[in-house]
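Right, one structure below, let's go through it.
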Amino acid sequence: MSGETGRELFSSRWWLVLATLGMAVGTGNIWRFPRVVAAHGGGSFLVAWVVFLLLWSVPLMMVEFSFGKRSRRGAVGAFARLAGKRSAWMGGWVALTACGIFFYYSVVAGWCLRYLGAAAIGELSVRSSEEVWNGFAGSGTAVLFHLLALGLAFSVVWFGVRGIERVAKVLIPLLVLLVVTMAVRAVTLPGAEAGLHFLFSPDWGALTEPHIWLEALTQNAWDTGAGWGLILTYAIYMRSREDVPLNAYLIGFGNNSMSLLAGIMVLCTVFAMDPGAEQHLAGVNNEGLTFLYMPRLFEHVPAGGFFMLLFFLALSFAALTSLISMLELATRVLRDFGFERRRALLWVAGAGFAFGVPSALSMPFFKNQDWVWGLGLIVSGLLFSVGARRFGLARLRSEVINGEGSDLEVGRWWSFVVGVLVPVQAVVLLAWWLWRAAGTEWRQWLNPFAEGNAGTVLVQWAVALLALLAANRWLARRSLASGLQASEEGD
């Protein structure tokens, strides 16, 4: 697993791609994508979604692969080393945002495991999905499953790249097999053709509606992993002679292919079982679709109990592979600060459990954190663009993206997309989401933990940014001066 002067490395490109695909494919592919497609135009949404795959996700993935490969450091150290010491706070923002998501994402993974267990023992055929959810969400049992999910991810990251690679070799092929099996089953249901028609028949006139494009850009920002810092973390362990552009295209199109299969799986099942599917899907949130609505539908599907088990197994695999990458990101940042891997991992896991408990016990708190740090990912994408500009877009493209090991050459268009279009997209998207939330009753702006308003975002972001800017010099010094240099380590 090591080589090139003893560094930890993925043993081949394909294992790196599998691990990174596991990072990208998460619950958002399975529970958010079908719901958003149903609510925002079906086939019309797909057109805009593919456009932004090429104008947001893939270009930013190339930046992340380049930063990890060139710096051999985590988010803080990579920005300090490539964009300059004054930019360490940017890497701190990327890491902090990913950690903010990590703290509640392990709760989501726990929900998936709880429902997997319920499907396995037939509990969902005896009790209604609402009864199971109401007795579980916000309870002490949710804390225990949060701990279980965190423990499973911890047991993988404990063994470093070797553990991540071995789990990816098993879970990702199984995840693909499960989703393909479910998709094939869904399209064979009577009435499933209505779901296929809805998904693949665009209304070209609908593409004049701005909200479809904005939702498609949001979906790319939230479910491909581009701009999260997770790809950067895995790229630390890529071999020198590996193709950055090809890896980015494989991850981008691989992730969106999984989203599309999940859309077929869910929408064909829904349209076959529920004539009012489009309206019903538009009216539920992510948790409601997955843990309330879908179990009810499986009751009417032939062999529904078996396929419900496969559904929650796939969802659990997707959640755990993404959780593993978040745990590794935070661990890697501490390693750059001089911590030994296992000591860093213990600190991160302990913090993950403690800071995740409020989300496990309170759905309003969970939704607030999902809102605040989900939007924070858009800022992270913007900062990767700024960091690439500070390093030099032409230099990054010639020395790293088109450098050693790259067979697929990227032209000057990439510099324009990353340097101009990505910042414009980020600013427009942030302004749109905050404007939509700004109509909240003004007293809610004063509540830093209210759900879904602009005030809570601005307050929490301001605190984080002030702290990071104040600590910038320390962050740069620690991340660059550590003796645990990536070019010398090999656990």
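The values are calculated or read from the model by the stated rules, or taken from the named source; none is laboratory data. Since this is a predicted model, take the numbers as computed values, not measurements. So basically every Cβ, Gly included, is an ideal-geometry build from the backbone, and we count neighbours across all protein chains shown. Calculation scope for accessible area: heavy atoms of the full protein, side chains included, ligands and nucleic acids excluded. Shrake-Rupley method; radii C 1.70, N 1.55, O 1.52, S 1.80 Å.
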Can you pull the percent of the range 35-94's accessible area that's carbon plus sulfur, 1.4 Å probe, other chains left in place?
57
What is the magnitude of the charge dipole of the chain about its Cα centre, with +1 placed on the Cβ of each Lys and Arg, -1 on the Cβ of each Asp and Glu, and no other charges, expressed in debye to the nearest 20?
1740
Testing the spin-label approximation: label points 7 Å from Cα along Cα→Cβ at ARG473 and ALA431. State their distance in nm.
3.6
Using per-residue counts of other Cβ atoms within 10 Å, averaged over each peptide, order 110-121, 219-230 from highest down.
219-230, 110-121
Computed FRET efficiency, Cβ-Cβ of PHE306 and VAL126, R0 25 Å: what is it to the nearest 0.05?
0.95
Identify the GluC sites (Glu not before Pro) of the range 301-399 meeting these criteria: DSSP loop state and at most 13 other C-beta atoms within 10 Å of the C-beta.
GLU340
Quick one: putting +1 on the C-beta of Lys and Arg, -1 on the C-beta of Asp and Glu, what dipole do you get for the range 322-364 around its Cα centre, in Debye to the nearest 20?
120
In the set (1) 28, 60, 13, 0; (2) 24, 48, 24, 4; (3) 25, 60, 16, 0, which value of P(r) over Cα pairs in 20 Å bins from 0, in percent was calculated from the structure you see?
(3)
To test your reading of the geometry: what angle, between 0 and 90 degrees and rounded to tens, separates the Cα axis of helix 244-273 from the longest principal axis of the chain?
10
In Å², and per residue, what accessible area does the chain have when probed at 1.4 Å with the other protein chains present?
36
Roughly how far apart, in whole Å, are the Cα centres of the range 43-90 and the range 107-170?
30
If you keep only loop residues by DSSP, which chymotrypsin sites (Phe, Trp or Tyr not before Pro) in the range 124-163 have at most 16 other Cβ atoms within 10 Å of their Cβ?
TRP158, PHE159
I'd like to know which of VAL170, ALA470, TRP15 lies farthest towards the positive end of the charge dipole of the chain, counting +1 on Cβ of Lys and Arg and -1 on Cβ of Asp and Glu.
ALA470
What is the list of residues in the range 7-31 whose amide nitrogen lies under 16 Å from a point 7 angstrom out from the Cα of VAL170, following Cα to Cβ?
19
With point charges of +1 on the Cβ of Lys and Arg and -1 on the Cβ of Asp and Glu, referenced to the Cα centre of the range 86-245, which listed residue (TRP213, PHE198, ALA183) lies farthest in the positive direction of the dipole?
ALA183
What is the percent carbon and sulfur in the accessible area of the range 355-401, measuring with a 1.4 Å probe over the protein chains and ignoring ligands?
60
